[in-house]
Amino acid sequence: MKVYIESYGCTFNKADGQIIAGNLQENDIDIVGSMEEADVIIVNTCYVKLPTENKVTYRIQKLQNDFPDKKIIVGGCMVEIDPEKLDKVAPNASWIGPHQLNKSAEVVKSTYCGEVVRESGFSKESKVDVPKVMDDSLIHIIQICEGCLGACTFCCTRFARGPLNSYPIEDIKEEARKAIEQGACEIQLTAQDTAAFGKDSGEKLSDLIKEVANLDGDFRIRVGMMHPKNILNDVDEIIDAMKHPKVYNFIHLPIQSGSDKVLSDMRRGHSVNQYLDIVSKFKSEIPSLTLAVDIIVGYPTESEEDFNLTVELLEKIKPSLIHLSKYQHRKGAVSSSLPEIPHETMKRRSKFLSEIKSKITEEENKELVNSNQKVLVIEKGSKGGFIAKTNSYIPVIVDNVSLGTFVDVKITDATATYLKSELLR
């Protein structure tokens, strides 16, 4: 039996796909690289935004039309968030919910034999140190916890991932140790909110980072997205942990809006000033910090004044990476009961922020021109050469190097999204 797996969305969901593949391989089911040679196709869905919902829905429909003789299984967030739509789109498909990955082989075998099997619902099953099929031997993803403590009004992902479930530090450390021994040079600690780690188990993110960073080997750690409200009481300890030379000087700290009124409407649980205080502490202690932020443009209660406050915030903090999203209603989200702002207003604000985004990020990157950087080479470039990451996790194009190595480069040019370099011999 041969299975093809197609995963969409975030790093966490990508890791779910690796776990599905690992479970299948452990049960003597072959993972193949194309749909044409597969007996069963698994679509591991993302559902965080409307364009992604439309993309995965279209994909499921197209697969059914293009491969009527193959069995289709749907996994990922769509299973939990919108089972009604999924049932209409693919009435003959089986399901593997994101909390039921240990049943992947059973679902595949039964589906292959003609049954429609639908495994969904929540569990506390650990996703650490379980069999995985990695699609990149250099970058190893570890899910440190699942679920969140948030109640954000715009979010539907929390309905799929459920309440917080942190995994033990010792288990995470053991998976990291094995990955490093097998050649991984970048460990990605991921979650819906890494800052929530341990708040249900009594452990701490800062301790986890230190434990993994102190493992033997030459590697780097990337810590995933942190909700600002969940690091308010642990900022100093997390900063101390992230000063370790094996940890990228990088934080992904979503703000969503520069208006306290909108943040309150979103139920974010923190103020703009609290956010600024966190950023100020990080930047003063880690001067080379790369700050990545998320902004939602056009939340239903966002006025022109609120929008201008967001513009002012971005110009003040000058993040190196800005992820922009136009607000759209999501199934089950509280804010979906509110009237959306006019489309033209949304479009104008989004265009304005996109221009600011490019300006800020290019200015930040250009400050690095003529500097010398030690970079980690992690992948081949799509147009030739290699992509490396600075200690601040900024992408650098470099030639004539080997994957998985650290090299010294001089930055020769910069764009809004990456740096160009020449190798220092």
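What number comes out for accessible area per residue over the range 369-423 if the probe is 1.4 Å? Units Å², please.
With all protein chains present, the range 369-423 gives 48 Å² per residue.
Along the Cα-to-Cβ line of LEU50, 7 Å from the Cα, sits a label point; which residues in the range 307-338 have backbone N less than 13 Å from it?
Taking a point 7 Å out along Cα→Cβ of LEU50, the residues of the range 307-338 whose backbone N falls under 13 Å are 326-331, 336-338.
How high is the relative contact order of the range 129-272? Use alpha-carbon pairs under 8 Å, at least six apart in sequence, and give a whole percent.
Averaging sequence separation for qualifying contacts and normalising by length gives 24 percent for the range 129-272.
Kindly state, to the nearest 0.05, the FRET efficiency for HIS329 paired with PHE352, given R0 = 22 Å and r defined as their beta-carbon distance.
For HIS329 and PHE352, the calculated efficiency is 0.45.
ASP236: net charge of surrounding residues, Cβ under 10 Å, Lys/Arg +1, Asp/Glu -1, itself excluded?
With Lys, Arg at +1 and Asp, Glu at -1, the net is -3.
Under a plain spin-label model, where a point goes 7 Å from the Cα along Cα-to-Cβ, how far apart in nm are LEU424 and THR345?
Label-label distance for LEU424 and THR345, simple model: 5.2 nm.
Net charge within 15 Å of VAL334 by Cβ-Cβ distance, Lys/Arg positive one each and Asp/Glu negative one each, not counting VAL334 itself?
+3
Express in whole angstrom the spacing between the alpha-carbon centres of the range 95-123 and the range 385-400.
Using only Cα atoms, the two centres lie 40 Å from each other.
What ratio of Cα Rg to 2.2 N^0.38 Å holds for the chain?
My calculation over the Cα atoms of the chain gives 1.00.
Using a 1.4 Å probe over the heavy atoms of the protein chains, calculate the carbon and sulfur portion of the accessible area of the chain as a whole percent.
47
Between ASN372 and ASN233, take the C-beta separation as r, use R0 = 35 Å, and let me know the FRET efficiency to the nearest 0.05.
E(calc), rounded to 0.05, equals 0.40.
Beta carbons within 10 angstrom, averaged per residue: use that to sort the peptides 233-246, 166-179, highest first.
166-179, 233-246
Provide the net charge surrounding VAL43, with neighbours chosen by a C-beta distance below 11 Å and charges set as Lys +1, Arg +1, Asp -1, Glu -1.
With Lys, Arg at +1 and Asp, Glu at -1, the neighbours total +2.
For MET134 and SER336 in the same chain, what is the full-extension length gain: residue separation times 0.36 nm, less their Cα-Cα distance, in nm?
That pair, MET134 and SER336, stretches by 69.0 nm at full extension.
Quick check on the chain: helices-only [θ] at 222 nm, where DSSP H runs of length 4 and up contribute -39,500 (n - 2.57) each and the sum goes over total residues. Nearest 500, please.
So the helix-based figure for the chain works out to -10500 deg cm²/dmol.
Note the full-extension length gain between LYS88 and GLU379 as 0.36 nm times their separation in residues minus their Cα-Cα distance, in nm to one decimal.
Working it through step by step, the gained length comes to 100.8 nm.
Taking C-beta distances below 4.7 angstrom as the pairing criterion, name the unpartnered cysteines of the chain, in sequence order.
Singleton cysteines: CYS10, CYS46, CYS77, CYS113, CYS145, CYS148, CYS156, CYS185.
What are the principal axis extents of the Cα atoms in the range 2-119, in Å, biggest first?
36, 30, 24
Under the rule of at least 5 residues apart or a separate chain, name every residue whose amide H is placed under 5 Å from the amide H of ARG220.
Those qualifying (amide H under 5 Å, at least 5 residues apart or on another chain) are GLU186, ILE187.
Which of the aspartates and glutamates could be linked to LYS85 by a straight reach, that is with a Cα gap under 19 Å, when you skip same-chain ones fewer than 8 residues away?
Partners within reach: GLU53, GLU119.
Please find, in a Gaussian network model of the chain (springs between Cα atoms separated by less than 10 Å), the residue of CYS185, CYS113, CYS148 whose mean-square fluctuation is greatest.
Greatest mean-square fluctuation among the candidates belongs to CYS113.
What do the square roots of 5 times the Cα gyration tensor eigenvalues come to for the range 369-423, in whole Å, largest first, as semi-axes of the equivalent ellipsoid?
After scaling each eigenvalue by five and taking roots: 15, 12, 10 Å.
With a cap of 15 neighbouring Cβ atoms within 10 Å, and only residues DSSP puts in a loop, list the trypsin sites (Lys or Arg not before Pro) found in the range 362-400.
Here the sparse-neighbourhood loop sites are LYS383.
Compute the separation of the alpha-carbon centres of the range 287-353 and the range 24-86 and state it in Å as a whole number.
The two parts, judged by their Cα centres, are 31 Å apart.
Could you name the lysines whose alpha carbon sits less than 19 Å from that of LYS103, not counting residues in the same chain fewer than 8 places away?
LYS2, LYS14, LYS71, LYS124, LYS127, LYS132
Karplus couplings for the range 143-153 from phi (6.51 cos²θ - 1.76 cosθ + 1.60, θ = phi - 60°), rounded to Hz, Gly and Pro as x?
7, 8, 6, 10, x, 8, 10, x, 9, 4, 5
The values are calculated or read from the model by the stated rules, or taken from the named source; none is laboratory data. Note that this is a predicted model, so its numbers are computed, not measured. A quick note on method: Cβ atoms are made from the backbone with ideal geometry, for glycine too, and the neighbour counts reach across all protein chains shown. The protein model used for the area step is the full one, side chains on, heavy atoms only, and it has no ligands, DNA or RNA in it. Shrake-Rupley method; radii C 1.70, N 1.55, O 1.52, S 1.80 Å.
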